[in-house]
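What follows is a short report on a single structure.
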Amino acid sequence: MSWADSEFQDASFGDDRLRQRAIRVCERLAEHPSESIPVACCGRAEVEAAYRFFSNDKVTAARVLGAHHDASLRRLAAHPVVLCVQDTTELDYTGKQTAGLGPLNYAATNGLYLHVTTALTPQRQALGIVAQEFFVHDRACFGQATKRAIGYYARPIDEKESGRWLRAFESLCEIWCRKRSWFACVTVKPTSMNCWPKRLSKRPINRASST
């Protein structure tokens, strides 16, 4: 069984042919991680099959990543200590005709953000993604001046984009309750790196205001 077979053994797309296609597409993209789909795939037939896979209504991000998440948790169970590193990256679609996007760091740009928590061993072996969240900047509250004018900074943290950091942490708390591994949660921000090595527990999280 290949690594991709193992990763998608529990995937449920409602059609096993889609699961097999997911395995093939992941294998091709893993072999050529910096290449586009047409370059990574072998021949026109594979390229067309890959695009059909992604355009199929049964194929959603939740179903693809759900299988990976379950496989990641199985790998976590084999390690007594796990580092969980969370950070946010931009997905820039500027110039693309795509709906549902918003501004990035500049109003002229267009895209969305992906906040990912990746599990690693202390020896830096990647175990997988254990939490992720997509979000889009709301143009109605874009920019610091606009945020001050509408009282954005006074909102509870759950109602602000920065709430993603706590939601990811809470996801780790849920995993810890099931796996009982010792976690170190590492948060990476553009201007600083804060490390909070601690044993996760069911104690309430201090939901102090944050920007």
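Above 14 angstrom, tally the Cα pairs of segment 1-59 and express them as a % of all pairs, no decimals.
Within segment 1-59, distances greater than 14 Å cover 53 percent of Cα pairs.
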Original post:
Which order, highest average first, do 123-136, 63-76, 91-104 follow once you tally other Cβ atoms within 10 Å for each residue and take the mean per peptide?
Top reply: 63-76, 123-136, 91-104
Original post:
What order do you get for 110-121, 13-24 when each peptide is scored by the mean count of other beta carbon atoms within 10 Å, highest first?
Top reply: 110-121, 13-24
**OP:** Return the distance in nm (one decimal) between the two label points of a simple spin-label model at Ala145 and Asp5, each offset 7 Å from Cα along Cα→Cβ.
**Re:** 6.1 nm
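Read-outs: derived from the displayed coordinates by stated rules, not from any lab. Since the structure is predicted, the reported quantities are computational estimates derived from the model, not experimental observations. Cβ coordinates were reconstructed from backbone atoms using ideal geometry, including for glycine residues, and neighbour counts include every protein chain displayed.
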